Amino acid sequence: MSAEKKELLSTAPYRGTRDFYPDDMRTRITIFNTMRRVVQSFGFEEYDGPMLERFELYAAKSGDELVNEQLYHFEDRGGRHVAIRPEMTPTVARMVAARINQLPRPIRWFSIPNLWRYEKPQRGRLREHWQLNVDIFGVDGIMADLEIIEIAIRIMEAFGAGKDDFKIHISNRKMLNHFLRNILGLDQSSAGQVCRAIDKKSKIPPDAFLEMVIAAGLSSRQCDQLEHFMNLNLQTLIACPDYISDGTQDLADLFSNLNRSGLADYCTLDLSIVRGLEYYTGTVFEMYDLHPQNKRALFGGGRYDNLVGIFSDQPISGVGFGMGDVTVQDFLSVHDRIPVTPAPVQVFVALYDKDYTGQSFQLARLCRKSGLRTCTQLDAVKLGKQFKLADALGAAIVVLQGPDEISNNQVTLKRMATSDQVTVPMEDMILTINRWLEFGQIP
Ligand code: HAM
């Protein structure tokens, strides 16, 4: 009989995506819970939206690179052109526009969606990532920009990072547009090309950057002017009448408020910050890691005053940021700050033998009622094997009730870390476990 060789399917996930085994999932949940806690402490509420959107949502404002090179899109069975969300901002703008008159302002919302971009997978870039989105709608002044920047800083601090670990690079799109259109005299298309070149500048060699701006139509004098502009500091910028625009005023106000709020040490002016997405209209910023092995942008955001306006004739301004889980994990790992996650099991209820199943289920029920993460031994094997399993699960305490304990209405508790063991009255079981877990001592 000829044994036909079975073709097995690959167990590898789709390129650029990750499987989250429970260990990875614990880390992901802990990281997201840290973000959630900080954002909620500023009074933000969580929202969510669909994974599929109409293609036009992105075609309208997200920019060429995202739409032409990175978007997953297809025709559904009903002939509709749909896209898998590559970012959350168009979705949240659509949701805000749909209830524009009902929502009390300012709107402070956040979400942690998974997003899809057809990228070449590399460090910090995958095809599926999760992204914390924090946005404020309905505040035209820079106080909202200030709050958004403070939230980004507080999240980094909640991960244990300080001002020597990261820096926020801030610019303003209105300023850059004023410079490109009114000082360099570029038309809209050339200005757009130069913006794309500036956005790529830190990722490409200087020659390649120069080639891009020359291809956009810049003369060598204009190239020098651009270089000079990108290296300006705040004092020179404000002092030079040529550069004065609405954007300069916003930038100056933002920096003086960052100063007054004690946040200036975390921030720096960087006129080479553009951000790839086309909808930004004012403040733009990127958070940079300062670690020598990871000197790169971690996440970014900015102000977009016209995005809701594509859905509603009542425009409302927005400002926010998107913080990706991949770059955050890279940051935490080079800074040795991957959070310690709680063990999934605190209490393991051993099984004396199979006739004691009801007993062990009842003990577990009591523990769970007190909020302890508890699991039971499901088949009668030697106690030594059960202790090994409890250890592998990370259980801090094993509970056991055999015939002696039952006849005396007692229970035996073993502390896995030290192998200490006590037999206590049943009514003291929860108190003893909690003391051990909380203080690491026997009452
Ligand atoms: P973005 O710069 O395209 O902005 O993405 C924000 C962050 O998401 C990036 O800085 C990075 O941390 C992460 N990210 C983006 N693409 C990937 C990828 N392929 N793999 C891993 N991480 C990635 C936006 O998406 C804006 N919608 C953010 C925003 C919200 N602006 C205002 N509100």
Checklist line | Prolate/oblate/rounded call for region 174-264, Cα gyration tensor, a/c under 1.5 rounded | finding: prolate
Notebook entry, point to check: So if R0 is 51 Å, what FRET efficiency would Arg365 and Arg15 give, r being the distance between their Cβ atoms, rounded to the nearest 0.05?
Noted result: 0.65
Check: How big is region 293-421 by the Kirkwood estimate over distinct Cα pairs, in Å?
Finding: 19.0
Notebook entry, point to check: How large are Rg and Dmax for region 63-106 when only the alpha carbon atoms are used, in Å?
Noted result: 14.0, 39
Notebook entry, point to check: If r is the Cβ-Cβ distance from Gln249 to Asp207 and R0 is 30 Å, what FRET efficiency results, to the nearest 0.05?
Noted result: 0.25
Check: Could you give the Stokes-Einstein D for region 252-356 in µm² per second, using the C-alpha Kirkwood radius, 37 °C, 0.692 mPa s?
Finding: 184
Note to self: If I histogram all Cα-Cα distances within the chain using bins 20 Å wide from 0, what percent of pairs lands in each bin?
What the structure shows: 21, 42, 25, 11, 1
Item checked: Cβ-based net charge around Ala208, under 12 Å, with every Lys or Arg adding one and every Asp or Glu removing one -> +1
Next item on the list: In vacuum, with every alpha carbon of region 364-443 counted as one equal point scatterer, what does the Debye formula give for log10 I(q)/I(0) at q = 0.14, 0.19, 0.26 Å⁻¹? Two decimals, please.
Entry: -0.44, -0.85, -1.57
Next item on the list: Could you tell me which of rounded, prolate or oblate describes region 4-119, using a ≥ b ≥ c as the square roots of the eigenvalues of the alpha-carbon gyration tensor, with rounded for a/c under 1.5 and, failing that, prolate when a/b is larger than b/c and oblate otherwise?
Entry: oblate
Item checked: Packing-based ranking, highest mean first, of 131-144, 23-36, 186-199 given that Cβ atoms within 10 Å are counted -> 131-144, 186-199, 23-36
Next item on the list: Once every Cα of region 79-168 carries one equal point scatterer and solvent is ignored, give the base-10 log of I(q)/I(0) from the Debye formula at q = 0.15, 0.19, 0.24 Å⁻¹, two decimals.
Entry: -0.80, -1.10, -1.24
Checklist line | Residue among Tyr243, Val422, Thr327 farthest towards the positive dipole end of the chain, charges placed on Cβ | finding: Val422
Notebook entry, point to check: For the pair Asn434 and Ser407, how long in nm is the line joining their label points, each one 7 Å along Cα→Cβ?
Noted result: 3.2
Notebook entry, point to check: What's the extension gain from Ala215 to Ile183 if we count 0.36 nm per residue and subtract their Cα-Cα distance?
Noted result: 9.7 nm
Margin query: Just to be sure I understand: with springs between alpha-carbon atoms less than 10 Å apart, which residue in Gly320, Gly217, Gly301 has the highest mean-square fluctuation in the Gaussian network model of the chain?
Written below: Gly217
Next item on the list: Please give the length that would be gained between Ala239 and Lys382 if that part of the chain were fully extended, namely 0.36 nm times their separation in residues minus their C-alpha to C-alpha distance (nm, one decimal).
Entry: 43.4 nm
Item checked: FRET E, pair Val422, Asp23, Förster distance 41 Å, beta-carbon r, rounded to 0.05 -> 0.85
Next item on the list: Mind scanning Lys5/Lys388; Lys120/Lys201; Lys61/Lys163; Lys163/Lys203 and naming the pairs with a C-alpha gap bigger than 27 Å?
Entry: Lys5/Lys388; Lys61/Lys163
Notebook entry, point to check: Ignoring ligands, DNA and RNA, what percent of the accessible area of the chain is carbon or sulfur (1.4 Å)?
Noted result: 48
Next item on the list: Would you mind classifying region 181-323 by shape? Square roots of the alpha carbon gyration tensor eigenvalues, ordered a ≥ b ≥ c; an a/c under 1.5 is rounded, otherwise it is prolate if a/b is larger than b/c and oblate if not.
Entry: rounded
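The values are calculated or read from the model by the stated rules, or taken from the named source; none is laboratory data. In this text, all values refer to a predicted model and were calculated from it rather than measured experimentally. Because the Cβ atoms are built from the backbone with ideal geometry, glycine has one as well, and the counts that use them run over all protein chains shown. Side chains are part of the model used for accessible areas, which takes the heavy atoms of the whole protein and leaves out ligands, DNA and RNA. Shrake-Rupley method; radii C 1.70, N 1.55, O 1.52, S 1.80 Å.
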